[in-house]
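In what follows, a structure is listed as structure tokens, so that the remarks can point back to it.
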Amino acid sequence: MRFKPTKLGGAFLVEMEPRDDARGFFARIHCAREFAERGLASNFVQTSIAYTRNRGTLRGLHFQLPPAGEIKLVRCIAGAIYDVIVDLRPGSPTYRQHLGVELTARNRLALYVPEMFAHGMQTLEDETEVLYQISAFYTPDKATGVRCDDPKLGIRWPLPVTEMNEKDRNWPLLGEPPIS
């Protein structure tokens with residue numbers, strides 16, 4: 001695997017290194033040793049799939065507060081997404097900055113999302129599936145988010161938003177409780 005640092009400290013694009021032959025290829029998408037050698041979390045306690053029917057659907061921006069903070073490894077396994085992370089670590093040199101990357105079933109990239117980063121995505125194709133490996137158990141009373149259209153973030157989503165659930169639509173703006 002190749003780990004490519006992003007402009008947001010602690011976040012990486014993870015590229016697999018396929019071994020090709022006449023049948024196709026074989027590749028590791030996670031190796032605890034390789035993650036640990038880079039100081040990255042390698043113990044994922046939950047794996048989830050998000051299936052989205054329609055292009056333009058937006059999910060997020062979500063995260064969990066400490067002590068239930070999550071690290072995520074996100075990979076698109078069918079279709080395509082525009083994946084966005086926002087650094088919400090107080091004191092970080094990239095605090096409130098965001099990064100958007102295209103993850104597709106074709107490019108096979110994964111995004112390593114550190115703790116205290118909000119995460120969201122917009123589907124670029126119908127029938128999209130995203131696989132999440134998560135380092136902490138879902139803890140409803142620690143689950144929160146920020147608005148995907150917060151003007152302080154200035155995220156430019158690639159498509160008009162066609163669907164979003166009510167909870168995501170009503171997350172607070174930055175500076176409103178529970179995030180300062």
| Summing +1 for each Lys or Arg and -1 for each Asp or Glu, what net charge is found among the other residues whose Cβ lies under 15 Å from the Cβ of Glu129? | +2
| request: Tell me which residues come under 5 Å, amide H to amide H, from Arg89 once H is placed; ignore anything under 5 positions away on its chain. | output: Arg96
| Residue by residue, what Karplus-based ³J(HN,Hα) values in Hz, rounded to whole numbers, does the stretch 45-58 have, using 6.51, -1.76 and 1.60 with θ = phi - 60° and x for Gly and Pro? | 9, 9, 10, 10, 10, 10, 9, 10, 6, 10, 4, x, 5, 10
| request: Can you bin the chain into rounded, prolate or oblate? Criterion: square roots of the alpha carbon gyration tensor eigenvalues sorted a ≥ b ≥ c, rounded for a/c under 1.5, prolate for a/b above b/c, oblate for the rest. | output: oblate
| request: Write out the trypsin sites (Lys or Arg not before Pro) in the stretch 25-116 meeting two conditions: DSSP loop, and at most 11 other Cβ atoms within 10 Å of their Cβ. | output: Arg28, Arg53, Arg106
| remark: Sequence order, the stretch 7-22: Karplus ³J(HN,Hα) from phi using 6.51 cos²θ - 1.76 cosθ + 1.60, θ = phi - 60°, Hz rounded, Gly and Pro as x, gives 5, 9, x, x, 9, 9, 8, 10, 10, 7, 10, x, 9, 8, 8, 4
| field | For Met116, distant residues with modelled amide H under 5 Å away | value | Gln64, Glu70
| note | Thr52 neighbourhood, Cβ < 11 Å, K/R = +1, D/E = -1, net charge -2
| request: Output the Kirkwood hydrodynamic radius of the stretch 134-180, Cα pairs only, in Å rounded to one decimal. | output: 12.4 Å
| message | Just to verify a number: FRET efficiency for Tyr95 and Ala50, C-beta to C-beta distance, R0 = 22 Å, to 0.05? | response | 0.25
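Each reported figure results from applying straightforward, stated rules to the coordinates on display, with no laboratory input. Everything quoted here is computed from the prediction, not taken from an experiment. Ideal geometry is used to build each Cβ from the backbone, glycine not excepted, and the neighbour counts take in all protein chains shown.
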